[in-house]
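We did not get these values from a lab; they are worked out from the coordinates using the rules stated. Keep in mind the model is a prediction, meaning the values are calculated, not measured. Cβ placement follows ideal geometry from the backbone for every residue including glycine, while neighbour counts extend to all protein chains displayed.
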Amino acid sequence: MTADVILPPPVAGRVKHTTERIVCIGASTGGTETLREVLEALPERCPGIVIVQHMPEKFTAAFAKRLDGLCAVEVKEGADGDMVRSGGC
């Protein structure tokens, strides 16, 4: 299946427009340690970051919590309605 089959189409007006810079990172199953290394090297006041990590659903919250304890930036599992802001993933 493709993502457009799995995810509902975007709802008009739900996307907030911004002039802030954001960083988007995508990693596959084997990329967890590389992702940790990259995030640990970032300063607290970096642009907002959005990460897509190929990982089983039940592991993502624990992985985000582990990274949050290791990194200067705030790391959390994304939730509906979250805003992307500087110093956080």
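If the condition is being surrounded by 15 or more Cβ atoms within 10 Å (Cβ to Cβ) and more than 18 Å from Ser28 (Cβ to Cβ), then segment 48-73 contributes Gly48, Asp68, Cys71, Val73.
Against the list (1) surrounded by 10 or more Cβ atoms within 10 Å (Cβ to Cβ); (2) without any contact (Cβ under 8 Å) to a residue 40 or more places away in the chain, the condition Leu39 fails is (2). Any residue in segment 43-63 that is assigned to a loop (DSSP other than H, G, I, E, B) and either within 10 Å of the chain's Cα centre (by Cα) or at positive phi (or both)? Taking every residue of segment 43-63 in turn, none turns out to be assigned to a loop (DSSP other than H, G, I, E, B) and either within 10 Å of the chain's Cα centre (by Cα) or at positive phi (or both). Filtered by the rule that a residue be surrounded by 14 or more Cβ atoms within 10 Å (Cβ to Cβ), of a type outside the set (Val, Ile, Thr) and assigned to a helix (DSSP H, G or I), segment 26-36 gives Gly31, Leu35, Arg36.
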